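Everything on this sheet refers to the single structure shown next.
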Amino acid sequence: MGLPSELWRFMRVRKKYWLAPILVVMFLLGGLLVLAKGSAIAPFIYTLF
């Protein structure tokens, strides 16, 4: 939990709240790619990018 809390502290101190949606989308896309790596739908997901 070190990295997420450090990022939150950075955004709170420096008033960079606009970074939160970008980070959330990046984590969601990363999770989607990791989960779909070994599945049958992987070729369809990779065509989106």
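The values are calculated or read from the model by the stated rules, or taken from the named source; none is laboratory data. None of the values given here were measured: they were computed from a predicted structure. Neighbour counts are summed over all protein chains in view; Cβ atoms, including those assigned to glycine, are modelled from backbone coordinates with ideal geometry. These area figures cover heavy atoms from the full protein model, side chains too; ligands, DNA and RNA do not enter into them. Shrake-Rupley method; radii C 1.70, N 1.55, O 1.52, S 1.80 Å.
Quick look at the values:
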quantity	calculated
Solvent-accessible area per residue for the chain (1.4 angstrom probe, square angstrom)	89
Ellipticity estimate at 222 nm from DSSP helix runs (n ≥ 4, -39,500 (n - 2.57)) divided over the chain, nearest 500	-23000 deg cm²/dmol
Per residue convex hull volume, Cα atoms of the chain, in Å³	69
Folded to 0 to 90 degrees: helix 2-14 orientation relative to the chain principal axis, Cα	50
Cα-projected label distance for ILE22 with PHE44, points at 7 Å along beta-carbon direction, nm	3.2
